[in-house]
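Written out below as C-alpha cells is the structure these notes cover.
Each value in this text was obtained by applying a stated rule to the coordinates, not by laboratory testing. All figures in this text were calculated on a predicted structure; none of them were measured in a lab. Note: ideal-geometry Cβ built from the backbone for every residue, glycine included; neighbour counts use all protein chains shown.
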Amino acid sequence: MRCEALSRDNTLCLYPPMRIVKGKKRLCILHTEAFFRGEQTKWAPKRLLEWDLKRRLQLAVEYEALRHLNMEVL
C-alpha cells in the first residue's frame, strides 16, 4: 500500500500509509499532518494507485522467479 496523496511534484508519494482519514483515504505521516493543518491535499487518482500496485506485484513475481532460478543454478 502507498499513501493516497500526491507529492508536491504531482507524483505518487513513496511513503507507507500510517493513518486513515475521511473513513477510507490512507495517508503517510507527512500528508496526515498537512491534512490536519488544513493544507490543500491532492489525491492520487484511483487508476494510478491501481496501476502502481499491479506494477509492484509484477516486479515481486519476477524477482521471486529470478530467485528460484538462481537457487536452481547453485
Inset, instruction - Determine, for 73, 21, 61, the number of other Cβ atoms within 10 Å of each Cβ, and report the residues in order from fewest to most. - result: 73, 61, 21
Inset, instruction - Evaluate the Debye formula for the chain with equal point scatterers sitting on the alpha carbons, no solvent, and hand back log10 of I(q)/I(0) at q = 0.12, 0.15, 0.17 Å⁻¹, in q order, two decimals. - result: -0.43, -0.57, -0.66
Inset, instruction - Calculate the dipole size of the chain relative to its Cα centre from +1 charges on Lys and Arg beta carbons and -1 charges on Asp and Glu beta carbons; express the result in debye to the nearest 20. - result: 460
Inset, instruction - Return the loop-located GluC sites (Glu not before Pro) in segment 1-59 (DSSP other than H, G, I, E, B) with at most 11 other Cβ atoms within 10 Å of their own Cβ; answer none if there are none. - result: 39
Inset, instruction - Multiply the residue separation of residue 30 and residue 7 by 0.36 nm, subtract the distance between their alpha-carbon atoms, and state the gained length in nm to one decimal. - result: 7.3 nm
Inset, instruction - Mind pulling the angle between the C-alpha long axis of helix 46-73 and the longest principal axis of the chain? Nearest 10 degrees, somewhere in 0 to 90. - result: 20
Inset, instruction - In whole Hz, with x marking every Gly and Pro, tabulate ³J(HN,Hα) for segment 11-23 from phi via Karplus 6.51 cos²θ - 1.76 cosθ + 1.60, θ = phi - 60°. - result: 10, 5, 6, 8, 7, x, x, 10, 8, 10, 10, 6, x
Legend entry - segment 27-69: chymotrypsin sites (Phe, Trp or Tyr not before Pro) in DSSP coil with no more than 11 other Cβ atoms inside 10 Å: none
Legend entry - Pairwise Lys count, the chain - Cα closer than 13 Å, eight or more residues apart or different chains: 4
